[in-house]
Amino acid sequence: MSRAAIGRLAVVTCYRHPDYIRAITLRQGVADSGAVDEMVVVKNTRRGVLRYLDVAAQLVRLRMAGTADAFLVTFRGYEILPLVLLLAGRRPVYYDEFINPVEWFVDEHHKFPPGSARARLLRTVFRSLMRRCAGVLSDTASHADFSAQRMGLPPERFSVVPVGSDEATFAPRAHGPGPVRSVDAAFTVLYYGSMLPLHGVDTVIAAAVALRSDARVRFLFVGGGAETARLVAEARSRGAAVEHRAWVDYEVLPELFSEVDLLLGGPFGGTVQSQFVITGKTMQYLSSARPAVVGGNEETGVFTDRVDALVVPQRDPAALAEAVRWAADHPEELERIGRRGRELYDRRWSSVRVAEALRALLLDGGPQVERP
């Protein structure tokens, strides 16, 4: 039985990028869900430590005015969640976990040793906070299962809301050379992002080195800072055809996507986190109808290799190099792969699916978990 629509839902974001794609797609999904009469966006307008004071002040004003019936805390929600729960009182709070903090600090980045007092305290605190939430959002079913087990919480507390894409920005367009691409190559492979451990930039670099004798292929790396620049320079010294750019502005990305030939979505890192995600960049590539290479994990069973994506094992430079070589040998297949990738995106991860998942959480009485 459906519940009544929420009168006013406050969607809260406190992050160095307040318009991070996860926040954008959740706000749009709420607006499209039909589950709320009105949405209030609470997000930081300042950076650094001041962002916490900024959002806290907005929340206090909202609480004093009594103008929110429920709250949705978006990524990176665990930093502001305690305050939201305190101010919400008995009003429901929905928490977009997206990245489990215990997984992040203990399993992925090894900030706290497993079994240490700090790791146990972190788990205890966030398990308590998550139990107080009306629902927890996760990006994939396997991630929801992992987090439920990691935190000792019932799986039914979790709802799967896909990451989706900014579809107005990342839409299909004609493929061809243009002014953005400066590498002189018949076949250009793009890898961009923040180069976190799950992304596996070292695997991509190793694949580029393995392909150094193939004169057709060039790799373009965007992002990652000084360390990525160093790795690219080292690969170039070994004969790899590689280029690095510090960054490309967000609004230029769709043009860049259309000008390269193959786009690496990953993840390739073989870390704990990499086993449960379909990366945001992969969503952007699929939404743009561009051919993507994804790293195999618990979620990639939905893809068909060389039909709607190229699927390779993680932490396997030879397999990645072979996929790139195949793509360079079959350029006529890539447009078809991109088109079918977009069709798969529409079926499983589009803005329509995000809105449906949020409606199921907020209005229709519980989560819907669809597994690949």
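The values are calculated or read from the model by the stated rules, or taken from the named source; none is laboratory data. Remember, it's a predicted structure, so these values are computed and weren't measured experimentally. Backbone-built Cβ (ideal geometry, glycine too); neighbour counts: all protein chains shown. Heavy atoms of the whole protein, side chains included, go into the accessibility calculation; ligands, DNA and RNA do not. Shrake-Rupley method; radii C 1.70, N 1.55, O 1.52, S 1.80 Å.
Summary table
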quantity: From the coordinates shown, mean projected area of the Cα convex hull in nm² corresponds to which of (1) 18.3; (2) 26.4; (3) 17.0; calculated: (1)
quantity: Helix 117-132 vs. the chain, principal-axis angle (Cα, 0 to 90°, nearest 10); calculated: 60
quantity: Å² of accessible area per residue within the range 10-147, as computed with a 1.4 Å probe and no ligands counted; calculated: 44
quantity: Scattering curve values for the range 241-290, log₁₀ I(q)/I(0), Debye with Cα scatterers, q = 0.15 Å⁻¹; calculated: -0.50
quantity: Between the range 329-346 and the range 203-235, the Cα center-to-center distance that results, in Å; calculated: 24
quantity: Sulfur and carbon atoms: percent of accessible area, the range 243-343 [1.4 Å]; calculated: 47
quantity: Sparse-neighbour loop sites [trypsin sites (Lys or Arg not before Pro); the range 106-160; at most 15 other C-beta within 10 Å; DSSP]; calculated: K111
quantity: Gyration tensor (alpha-carbon) shape descriptor, the range 270-322, a/c threshold 1.5; calculated: oblate
quantity: Accessible area in the full protein assembly, largest first, 1.4 Å probe, for H17, H143; calculated: H17, H143
quantity: With all protein chains modelled, accessible area of E333 [1.4 Å, Å²]; calculated: 50
quantity: Surface accessible to a 1.4 Å probe, per residue, for the residues of the range 187-230, Å²; calculated: 32
quantity: Helix-only CD estimate at 222 nm, as mean residue ellipticity for the chain, using -39500 (n - 2.57) per DSSP H run (n ≥ 4); calculated: -12000 deg cm²/dmol
quantity: Cα-Cα pairs of the range 8-126 separated by more than 16 Å (percent); calculated: 62
quantity: Separation of the A65 and R118 label points, Cα + 7 Å toward Cβ, nm; calculated: 4.0
quantity: S237 accessible area, 1.4 Å probe, all protein chains in place, Å² to nearest 10; calculated: 90
quantity: Percent carbon-and-sulfur accessible area, the range 1-116, ignoring ligands, DNA and RNA, probe 1.4 Å; calculated: 57
